[in-house]
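Each value in this text was obtained by applying a stated rule to the coordinates, not by laboratory testing. Since the model is a prediction, treat every value here as computed from it, not as a measurement. Every residue, glycine as well, gets a Cβ built from its backbone with ideal geometry; the counts of neighbours run over all protein chains shown.
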Amino acid sequence: MLRVTNPMQEQFLYFVQQLLNGLTIGSTYALIAIGYTMVYGIIGMINFAHGEVYMIGTYIAFIVIAGLTYMGLESMPMIFMAALLVSMVVAATYGFSIERVAYRPLRGRTRLLALISAIGMSIFLQNFVRLFQGSRDIAIPTLISGGWTFGDASTFEASLSYMQVIIWVVTLITMAALTLFITRSKWGRACRACAQDLGMTNLLGINTNNIIALTFVVGAALAAVAGLLLGLYYGVVNPYIGFIAGLKAFTAAVLGGIGSIPGAMLGGILLGITEAMTSAYFSSEYKDVVAFSLLVLVLLFRPWGLLGKPEVEKI
Amino acid sequence: MKFSKTLLGLATSAALMGATAAQAEIKIALAGPVTGPVAQYGDMQFTGAKMAIEQINKAGGVNGEMLEAVVYDDACEPKQATAVANKIVNDGIQLVVGHLCSSSTEPASDIYEDEGIMMVTAASTSPTITEKGYQLIFRTIGLDSLQGPFAANFIINDIKPERVAIIHDKQQYGEGLATSVKDELDKAGVNVVMFEGVTSGDKDFSALIGKLKKENIDFVYYGGYHPELGLLLRQSSEKGFDAQFMGPEGVGNPDITAIAGAASEGLLVTLPNSFDQDPKNAELVAAFKAKEQDPSGAFVFPAYSAVQIMADAMSAVGELDTYAMADYIRGNSFSTPTGELSFDAKGDLKEFSFVVYEWHDDGSKTPVK
């Protein structure tokens, strides 16, 4: 076989390819991680049922896509927007209900109680979906295909699919909107106030119960965005995807500094790229080993995460 | 109303008395998943075994006694399986067809061996089950350790690939198969460039595919199940990686087409022989079809053979003596719908043939060799 390009270029293209792959996985980790970090930032609790909300978001998106395609709608942007809207609304409803049913009655008691309740909720949702949708993988055909390729096919060709670009763009827009919401809006200010001092905010006349419900709703809606994007990217869903995705996103949130929104974004992308690079240059068997070693290392030297703030002991 | 009920009661008891008076019954326990995620495989086993029992009874039973099937549900859970095994012991049943999942069969077979109960599994393929030197445990299906070398042979002689990658899912079944394929390929001097595990449940294989592309792999053997391979195929075709893929029977079911779509076209799969396609079995297939049952499942015919072997041994020995029957089974060969079967000292089949199929994107398959 005649090699026209030089080996350096091949190595570089390979590196770029793996960077793009890592960035794609990382973006969606980040979207899910925000749900963990927002809730933790305000009530100091880890919402283990968050991964299941992501899973439900994917199911809803698939149902909408299948339904609209069945009714004869062919415009892809229309289907995409409809699926996005419906899955966000339904997932937000789940987020709201989960908080109302499983966490609010336990507020003010020991944190351990809420944690157990969260794990219970996660198991409940997983099995609830399994009962109604079956435990087998449900697949949809590739809706958005095609992409760009770089380099020479005879040596190594890097590829970038339209779907990957859509994932970045949607993630970027969502993150920007969230940042604006948190920093500029009245509700966002209330959220930040709650994160600083829940009791004091309550005294100052803000209904903290509503603000806490709001964080659950926003987090769940973002998980649904990730659900739709990853659902379209991989094309399959089963009731168990929430567990692994939740675990990875939680890791991303801790890595970036739990409680910090930019931290969740950074943590997600860092985790995604670490995984891709490990698969690329060592072995995919060691992907999780390296990713979690990184987490341990970061926590050894910066227990508060990359962008988190060290907790000051209040006297 | 009252009258008719009494009449019905009388009729039933008369019928029951008639039955018991005419002949005693030999119970055969059918153990496997009736519920749970793999219940469909349990169905295959029950269908085959029940058909065998029905046909043997129609032909006059065994030594003048009728066979009766009793179904036990282990849900493919090891814990349930031991409970089921103990229940079978307490119910005084001497013959068991089952279990289905290797992880259930392993703990249950210990109990049967201790209690002098004969067990024949028609579905468990893990080699470790028969490695403990049991006397009363048999199986009518091929082992994982036969399938790997068979696949390797096909790769060496028919595909002759230049650069091979072997991927597995790091589980007992998948990694075991992948390792045995790799060993055979290494012996034959085939260039195995990559041997890597993926995590079962993973959804993203883009980094792995990038690596396969860079290494110029032209053949991939996957040891594992369909959910991961389906995604691997789908993402490979999206990323323009077009090597030949091959997998074991764990990937050969229509779900892989649902996941991979057009990318499942051309996939090679090793599967046990399709006994329902064998012209010798046409009559039996018609009997299944007459009852609206599907004879194409992988475990239907092995389960039929399992019952038949027990019945043959019993009629040769002349009584229900499991140890004498076990000796008879080891010493003779049996002509069954799954072929001429003979057993080695461990209780495994001496021979079991696999077939390589080519998968198509409508979920169908055609034999290659």
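List of remarks:
- Selected from A:Met55, A:Met78, A:Met175 as most flexible by GNM, with chain A as the system and alpha-carbon contacts under 10 Å: A:Met78
- In this structure, A:Asn209 and A:Leu247 have a Cβ-Cβ separation that, at R0 = 22 Å, corresponds to a calculated FRET efficiency of about 0.15.
- Scaling against 2.2 N^0.38 Å puts the C-alpha radius of gyration of the stretch B:220-323 at 1.51.
- Semi-axes of the equivalent ellipsoid for chain A, Cα gyration tensor, largest first, Å: 34, 25, 18
- In this structure, the amide hydrogen of B:Phe138, modeled 1.01 Å from its nitrogen in the peptide plane, lies closer than 5 angstrom to those of B:Met119, B:Val120, B:Thr121, counting only residues at least 5 positions away or on a different chain.
- Take every Cα pair under 8 Å whose residues are at least 6 apart in sequence, average their separation, divide by the length of the stretch B:254-369, and the relative contact order is 36 percent.
- For the residues of A:218-224, the average number of beta carbons from a partner chain within 10 Å of their own beta carbon is 0.
- Put the Cα centre of the stretch B:138-210 next to the Cα centre of the stretch B:50-94 and the gap is 37 Å.
- Panel note: the C-alpha atoms of the stretch A:46-190, placed on their principal axes, show extents of 63, 42, 36 Å (largest first).
- Shielding score for B:234-241, defined as the mean number of other chain Cβ atoms within 10 Å: 5
- If you take the alpha carbon atoms of the stretch A:203-286 and fit the smallest convex hull around them, that volume is 122 Å³ per residue.
- Among B:Ala123, A:Leu84, B:Val96 the positive-end extreme of the charge dipole of the protein assembly as shown (Cβ point charges): A:Leu84
- Antiparallel bridge percentage (DSSP; both residues within the protein assembly as shown; nearest 5): 40
- Number of partner chain Cβ atoms within 10 Å, mean per residue of B:210-221: 4
- Mean Cα-pair separation over length for the stretch B:220-265, i.e. relative contact order, pairs under 8 Å, 6 or more apart, %: 54
- Disulfide-incompatible cysteines by the Cβ rule (no partner under 4.7 Å) in the protein assembly as shown: A:Cys191, A:Cys194
- Where trypsin sites (Lys or Arg not before Pro) fall in DSSP loop in the stretch B:265-326, at most 16 other Cβ within 10 Å: B:Lys291
- Gaussian network model of chain B, Cα within-10 Å springs - most flexible of B:Asn57, B:Asn332, B:Asn273: B:Asn332
- DSSP-assigned coil residues among GluC sites (Glu not before Pro) in the stretch B:320-369, each with at most 16 further Cβ atoms within 10 Å: B:Glu351
- Pairs exceeding a 25 Å alpha-carbon distance, out of B:Lys50/B:Lys280; B:Lys58/B:Lys87; B:Lys160/B:Lys211; B:Lys79/B:Lys291: B:Lys58/B:Lys87; B:Lys79/B:Lys291.
- The alpha-carbon positions of the stretch B:43-136 define a convex hull whose volume is 97 Å³ per residue.
- Value of D in µm² per second that Stokes-Einstein yields for the stretch B:277-363, Kirkwood Rh from Cα pairs, at 25 °C (0.890 mPa s): 165
- Translational diffusion coefficient (Stokes-Einstein; Kirkwood radius from C-alpha pairs) of chain B at 37 °C, 0.692 mPa s, in µm²/s: 149
- Rounded to the nearest angstrom and listed largest first, the equivalent-ellipsoid semi-axes of the protein assembly as shown from its Cα gyration tensor are 52, 34, 22.
- Within chain A, longest stretch free of exposed GluC sites (Glu not before Pro) [DSSP loop, at most 10 other beta carbons within 10 Å]: A:75-310
- Helix axis angle, B:2-22 relative to chain B longest principal axis, alpha carbon, degrees: 80
- All-pairs alpha carbon distance profile, the stretch A:1-93, 10 Å steps from 0, percent: 14, 27, 25, 18, 14, 3, 0
- Chain A - percent relative contact order, Cα under 8 Å, separation 6 or more: 35
- Computed from Cα atoms, the angle from the helix A:162-184 axis to the main principal axis of chain A rounds to 30 degrees.
- Range in chain A, longest, excluding exposed trypsin sites (Lys or Arg not before Pro) [loop by DSSP; at most 11 other beta-carbon atoms within 10 Å]: A:110-313
- Per residue convex hull volume, Cα atoms of the stretch A:113-262, in Å³: 163
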